[in-house]
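The values are calculated or read from the model by the stated rules, or taken from the named source; none is laboratory data. This one's a predicted model, so the numbers in the text were calculated from it and none came from an experiment. Ideal geometry is used to build each Cβ from the backbone, glycine not excepted, and the neighbour counts take in all protein chains shown. The area values use the complete protein model at the heavy-atom level, side chains included, leaving out ligands, DNA and RNA. Shrake-Rupley method; radii C 1.70, N 1.55, O 1.52, S 1.80 Å.
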Amino acid sequence: MPHILTIHRSILIVDRHGLPLSIGISAANLHDSQALIPLVRGIPPIRSRRGPRRRRPGKLHGDKGYDYRHLRRWLSSRGIRHRLARKGIESSQRLGKHRWVVERTVSWLSGCRRLHRRYERKPEHFLAFTSIAATLICHRRLAN
């Protein structure tokens with residue numbers, strides 16, 4: 001009997017400079033909107049120069065894949081201002097400068113050979129290597 005493999009892909013939330021804040025993996029056939037809530041909940045407390053640690057982002061940008069009423073309500077209830085492109089109303093072109101930062105981080109992740117082609121059978125192992133790659137990205141960005 002052959003092994004049944006589910007292809008996973010990396011999903012992430014980055015800050016405005018491209019540093020990964022929260023990273024996860026999802027099945028290839030899972031819609032991006034279903035991963036937003038676990039990713040936002042997975043953001044660790046971030047130390048700020050003044051005041052208490054921040055536990056959530058102040059603003060979240062997203063493309064049309066996240067344009068759902070329940071996601072907008074959930075973000076608003078947590079006090080997160082959202083800027084999600086609306087289907088049929090707005091062009092995704094307006095999010096270009098914000099989307100570019102995420103795409104650049106994804107290209108940094110895909111530069112890691114281990115993540116470029118999936119070698120692991122278990123999703124836990126793939127998530128571990130993705131987390132190591134994100135840690136290296138943070139180290140390189142913060143060391144400069």
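Taking a ≥ b ≥ c as the square roots of the Cα gyration tensor eigenvalues, the chain comes out oblate, since a/c reaches at least 1.5 and a/b does not exceed b/c. Projecting the Cα atoms of 51, 105, 77 onto the charge dipole of the chain, computed from C-beta unit charges around the Cα centre, puts 51 farthest toward the positive end.
When only Cα pairs below 8 angstrom with a gap of at least 6 residues are kept, the chain shows a relative contact order of 22 percent.
Among 113, 50, the order of accessible area from largest down is 50, 113, computed with a 1.4 Å probe on protein heavy atoms. Within the accessible surface of the chain, defined with a 1.4 Å probe on protein heavy atoms only, the carbon and sulfur portion equals 52 percent.
Accessible surface for the chain, divided over its residues, is 72 Å² per residue with a 1.4 Å probe.
Computed from Cα atoms alone, the Kirkwood hydrodynamic radius reported for the range 8-62 is 12.3 Å. A simple charge model with +1 on the Cβ of Lys and Arg, -1 on the Cβ of Asp and Glu and nothing else charged puts the dipole of the chain at about 700 debye relative to its Cα centre.
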